[in-house]
Every structure is written in C-alpha cells, then in structure tokens.
Amino acid sequence: MVKVLHAADLHLDSAFVGCSEAEARARRAGQRKLLETIVELANEAKVDLLLLAGDVLDGRHAYFETAEVLSESLAKCRAHVFLACGNHDPFDAASPYRNVRFSENVHLFCSPTVESVELPELGCVIHGAGFSSSVCEIPLLAGFSAPNDGRVHLLVLHGECTEGASENNPIRKRDLEQSGVHYAALGHIHKGTSVQYVGKTAYAYPGCPEGRGFDECGEKGVLVGYVATDRVEMKFLPLGGQLYEEKTLQLHESDSIRERLSSLLPECAKNLHLRVVIEGESDPIDCAALEAEFSHRVGSLVLKDRTRQHRSPWEGEFEQSLKGAFLRRLHKAYETAEPEAQAILLRAAILGVSAMEDREGAL
Ligand SMILES: [Mn+2]
C-alpha cells in the first residue's frame, strides 16, 4: 500500500488578464505559495508519492521566481515527486522546465511514450508519459499494459477522458482498463471528480487547486489517500485558496438591496470572489456604488443587475413614435374606464411596450 497526494493543473504564472498588474503579481505569488502548501501537506501526511498530473505551469512564460519555488519546494518534499507534462507545460525546446534544477526526488514524465519508474522499497511502479508539444492527438496510453506482478502500479498522465478525438491526449476507457494500473492520477479537467473505475483501474481528476475565475467556481483542492493492489481510497482535501462563487439574489418588492446584499456577504473572506446576479423587480440599481461599498468584505465583488425595472406603464407616451401614439391612446381610454377595463388597459400597455421593445412582458 502506498500513500499518495495527487494534484494537477496548478497553472503557475497565469496571466490573470482581468486583474491590474499589481493584483496579477499578487495572484501569481499566491499560486507559488499554493505549491509550497501542497508540499507541506505531502510532508505532514507523510505520503510516499506526490503526483503532479500536468499543467503545473500555465505556459512558456514562467517567471524566475517560479523556477526557484519549483526547484526549492519540491526538493523539500520528502516524497518521490512525479510530474507529467501537459498541454500547457509540454516539454519542448522552449520549456521552462529546462531551466529548473530539479532535485533527485523529482522525476519528469516528458516523453510521449509511457515510461516506468520502479520504486522497490515501496513495492510500486510509477508509469507516465508527457506532452512534448501543446497538441497531442494520439492517445498516449494506447497499447500500454502494466504487468500483474503483485506490485502497486500507478499512472500519472495529462489528458482528456473521451471516446472521441481530442487535441489533448484522448484517454479512452479501454486504454485505462488495459493499462492494468491500480490508480491513474489524471490532470486536465479543472472540475475535480470522485474516483471512478473502469475494470480494476481507478482514476480521478483532482481539479485545479484553486479557482482563477468564474469558470472555475467552487471549492478546489487535491486528492490524498492510499493505493493498494486491491483497493483505492482517495479523499478530496480542500486547500482554502482562491474561491469563486456565483449567487443569485432574488429581490422582492419591499426589499432593500443594501440590506439583502449585506446579509448575503460574509463579514470578511479575502479569498472569496463573488458574482451576485440580482433578479426580481427593482428601481435601477447602482451596481458600481454597491460594489465599492461592499468589496472590502470579500476578495472581489461583481454585481449583475438582471432585475426588471419599476416604471410607469405610461413612460414614453409623449414620444413621437408608434409606442408614444399607442400609449397616448391607451392612457386616454384608461382615465375614463371602469376599474375592470383599467386593469385590461394597463396589461395591454405593459405587454404592448414589451413587444415593441422586444423583451419579455411581465404579467
Ligand atoms: Mn490541460
């Protein structure tokens, strides 16, 4: 039985396009810190293996600091480290890995053919392959099969689980099954999965270890656990890094948006990036002012006003337009109509204007 920490898709040195330069720099520093956290966790949990399943770097433009952190923190790791290159960090001529001084405990799977490293003291074998360019249409695992020899067999691989074509190393179920490995530590999919099985092979994606945007919502982390020849127990461990969430705030007639927002937001959660979609009916909302007022309570706050506006049904009746003429006639009739007819005229005005403005009409 071997103890394993499985992480992937750190995307160190991401550009953080939407951020200011200072924010982007801080976020990149935070990513490096997260790598250190992962190594600390591996040491605390006394794992035998740290498996990094690709896209550890976001691209070819790695910073000097990142090369240093990779070299120094992985050297501090008391486990054997196996890193399989992915589509974002392929081992090509320009790979930043060529400038990293990796310590002896680190092994890079950087060739597109499956390579096997035996660790006799642990009774296990680690298999892996890596991208040598950013596109890999050939299934790297095809034809590979580990021997059934009583040792624990693990695989570290970056790719997309699919039965169809993919530019990102299509990993097919039949290839996973035939591989005969007990655990396939995969990378590429940023939304983590639970451990799944095909035949006797268990496989999982840990997802990215922290969010970078609203396309990576929810709690992120790594997988830690045990792999034996007859069972696999991997558990998700959240890392408490940057967290992106989207919430919907449904406004009701008498609600104060400030009060509702205030009770929705945590008092202080600097790693939380929140997008709040406001729905319901309301007067126009000054999103920028509310964001400025409440953003100190979170890492960042984005408000989206999707409310329908309160407005007079006769708004626009003096316009020189079809809408204006329509509203003037209805309003005139409305003033002398019985209450029952008034209600119908009001609905006609709302629905008519909605149709003319090509939006949904509230009944
Ligand atoms: Mn990838």
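The values are calculated or read from the model by the stated rules, or taken from the named source; none is laboratory data. All figures in this text were calculated on a predicted structure; none of them were measured in a lab. As a convention, Cβ positions derive from the backbone with ideal geometry for all residues, glycine included, and neighbour counts pool all protein chains shown.
Things worth noting here:
- Test: residue in the stretch 329-352 that is charged (D, E, K, R), at positive phi, modelled with pLDDT under 95 and not assigned by TED's automatic domain parsing to the domain that holds K33: no
- Residue in the stretch 266-280 that is under 26 Å from L5 (Cα atoms) and of a type outside the set (S, T, N, Q) present: yes
- Number of the condition not met by K173 [criteria: (1) more than 28 Å from E219 (Cβ to Cβ); (2) touching a residue at least 24 places away in the same chain (Cβ under 8 Å); (3) among the basic types (K, R)]: (1)
- Any chance E115 is under 26 Å from C77 (Cβ atoms), assigned by TED's automatic domain parsing to the domain that holds V39, without any contact (Cβ under 8 Å) to a residue 12 or more places away in the chain and of a type outside the set (S, T, N, Q): no
- Residue match in the stretch 225-237 (condition: modelled with pLDDT under 95 and in contact with a Lys or Arg (Cβ under 6 Å, 6 or more places away or on another chain)): no
- Residue ID - farthest from the ligand (Cβ to nearest atom), chosen from residues in the stretch 33-52 that are buried (at least 19 other Cβ atoms within 10 Å of the Cβ) and more than 15 Å from P238 (Cα to Cα): D48
- Pairing each residue of the stretch 309-325 that is without any contact (Cβ under 8 Å) to a residue 12 or more places away in the chain with any residue that is hydrophobic (A, V, I, L, M, F, W, C) and surrounded by fewer than 11 Cβ atoms within 10 Å (Cβ to Cβ), provided the two are 6+ apart or on different chains, yields C-beta distances under 9 Å for G324/F318.
- Put simply, of F82, F102 the only residue that is free of Cβ contacts under 8 Å to residues at least 40 places away in the same chain and away from the ligand (no atom under 16 Å from the Cβ) is F102.
- Subset tally (residues that are more than 14 Å from the chain's Cα centre (by Cα) and aromatic (F, W, Y)) for the stretch 224-253: 2
- Looking only at the stretch 1-24, and only at residues there that are modelled with pLDDT of 95 or more and charged (D, E, K, R), the one that is surrounded by the most Cβ atoms within 10 Å (Cβ to Cβ): D9
- One residue stands out among those in the stretch 144-165 that are more than 16 Å from A84 (Cβ to Cβ), in contact (Cβ under 8 Å) with a residue 12 or more places away in the chain and not in a strand (DSSP E or B): the one that is farthest from the ligand (Cβ to nearest atom), which is G150.
- Remark: G180 falls outside the filter, which requires a residue to be buried (at least 24 other Cβ atoms within 10 Å of the Cβ) and over 17 Å from V4 (Cβ atoms).
- Take the conditions (1) under 17 Å from H127 (Cα atoms); (2) in a strand (DSSP E or B); D175 misses just one of them, which is (2).
- Note on the stretch 303-331: residues that are of a type in the set (S, T, N, Q) and outside any loop (DSSP other than H, G, I, E, B) amount to 1.
- Count - residues of the stretch 119-143 that are touching a residue at least 24 places away in the same chain (Cβ under 8 Å) and either charged (D, E, K, R) or outside the structural domain of F82 (by TED's automatic domain parsing) (or both): 1
- Residues that are outside the structural domain of G30 (by TED's automatic domain parsing), assigned to a helix (DSSP H, G or I), closer than 26 Å to G240 by Cα and aromatic (F, W, Y) occur at least once in the stretch 290-302.
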